[in-house]
């Protein structure tokens with residue numbers, strides 16, 4: 001089992017908190033070209049009932065946020081605990097906060113934190129006081145990892161006005177949207193479909209990552225999931241309660257996991273309480289989970305460590321076989337371009353540096369979708385009418401499927417992947433992190449040289 005991780009564990013699958021333009025693993029965040037994020041501003045009525053952009057004074061709300069220097073001497077914000085008498089959506093409305101670490105089952109690392117807070121029970125359609133209280137609670141705990149927040153689908157359907165308190169809480173706590181995954185929960189009526197998709201597009205434009213929650217029990221049409229193009233799917237807690245004892249529920253959960261894999265999105269399993277559930281999830285290929293089995297109910301972001309039971313090995317591994325170091329040790333920076341890049345863009349990329357052997361085409365989440373090998377590509381361009389035929393057209397027409405290896409793959413196993421296609425033996429291998437994002441490339445020649453030094457017969 002990999003050693004438990006503390007906040008800041010490398011390989012966080014969600015856009016993180018370590019810099020304005022990179023993931024914690026050091027790779028660019030999609031859409032992070034701008035150093036800052038412009039939050040939408042929403043007018044609030046003044047005493048006369050007219051719209052006004054002046055915010056209420058902090059002293060008017062117990063538990064409010066006050067701008068100014070922090071105790072560390074730098075600009076920041078401070079919190080007052082408040083009496084709990086504030087209205088919904090203010091920090092004072094939170095009675096108690098609970099934090100659930102989102103754990104990578106393969107590495108044992110905490111890659112995000114789900115923040116929930118108790119708020120006064122007010123049944124209002126589209127109320128976002130819960131996630132707002134969670135944001136302030138995370139700020140009080142100085143939680144640096146990405147946040148997971150549950151947002152009712154009604155709030156997204158109602159538009160920017162219903163989500164204004166959420167954006168304001170983000171601004172007040174200085175948390176960037178790309179550090180937050182919004183889990184859309186609740187049933188979706190057929191009449192709300194267009195409004196929901198429009199709202200999700202707006203949230204993504206701001207920078208949020210969007211997940212769909214309640215899979216397995218909520219009324220969410222499957223084609224709506226495909227159209228929404230979420231970053232992740234969250235299984236229903238009610239479904240997880242009956243896994244693995246109920247074979248029918250197992251079939252539902254496995255179907256969701258298979259669909260997510262086909263769509264290229266991640267799956268999160270909540271409320272994992274038993275090792276049998278964990279074993280079932282691993283069998284489905286689910287890597288993200290949270291629940292009492294992994295961390296106690298009083299867990300806090302400052303605790304960091306979690307408990308991940310080791311999987312039962314299918315067969316014992318021979319301790320005498322040396323598979324060599326992991327490919328991460330041979331990692332080289334990858335030249336990446338968007339999937340919409342033209343062949344002319346690739347020619348320009350190859351022209352900047354003669355040592356570049358490949359260009360990797362990635363999607364909006366930095367996941368490799370195609371690989372362009374230098375020699376074959378330039379031969380196609382340099383051939384008769386090659387430039388005229390290909391220069392202005394998408395480069396992926398001349399690309400090959402990427403040969404992907406996880407960063408934990410041993411060198412010998414990576415060489416086996418390289419040898420599967422005789423025509424592409426020396427093509428670069430694309431190294432990915434826990435959630436399939438491109439970390440870099442590995443030259444097959446480097447692997448061969450290192451393995452040759454390990455073998456005493458070649459010395």
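General observations
- Of all residues in the range 320-353, those being without any contact (Cβ under 8 Å) to a residue 40 or more places away in the chain, over 19 Å from residue 438 (Cβ atoms) and in contact with a helix residue (DSSP H, G or I) (Cβ under 9 Å, 6 or more places away or on another chain) number 1.
- The residues on offer are 113, 119, and the sole one that is within 21 Å of the chain's Cα centre (by Cα) and closer than 30 Å to residue 274 by Cα is 113.
- Here residue 207 qualifies as at pLDDT below 95 and closer than 18 Å to residue 232 by Cβ.
- Filtering 306, 234 for residues that are buried (at least 19 other Cβ atoms within 10 Å of the Cβ), touching a strand residue (DSSP E or B) at 6+ places or on another chain (Cβ under 8 Å) and in the same structural domain as residue 141 (by TED's automatic domain parsing) leaves a single hit, 234.
- Looking only at the range 93-110, and only at residues there that are assigned to a strand (DSSP E or B) and at pLDDT 85 or above, the one that is surrounded by the fewest Cβ atoms within 10 Å (Cβ to Cβ): 98
- Candidates 213, 207, 199 - the one that is without any contact (Cβ under 8 Å) to a residue 60 or more places away in the chain and buried (at least 20 other Cβ atoms within 10 Å of the Cβ): 199
- Note on the range 359-459: enclosed helices (runs of 4 or more DSSP H) holding 3 or more residues that are buried (at least 16 other Cβ atoms within 10 Å of the Cβ) are 374-382, 411-418, 444-454.
- Residues within the range 320-348 that are outside any loop (DSSP other than H, G, I, E, B) and surrounded by fewer than 19 Cβ atoms within 10 Å (Cβ to Cβ), tallied: 10
- Checking each residue in the range 112-128 for being at pLDDT below 90 and either not in a loop (DSSP other than H, G, I, E, B) or not assigned by TED's automatic domain parsing to the domain that holds residue 183 (or both) picks out 116, 117.
The values are calculated or read from the model by the stated rules, or taken from the named source; none is laboratory data. All figures in this text were calculated on a predicted structure; none of them were measured in a lab. As a convention, Cβ positions derive from the backbone with ideal geometry for all residues, glycine included, and neighbour counts pool all protein chains shown.
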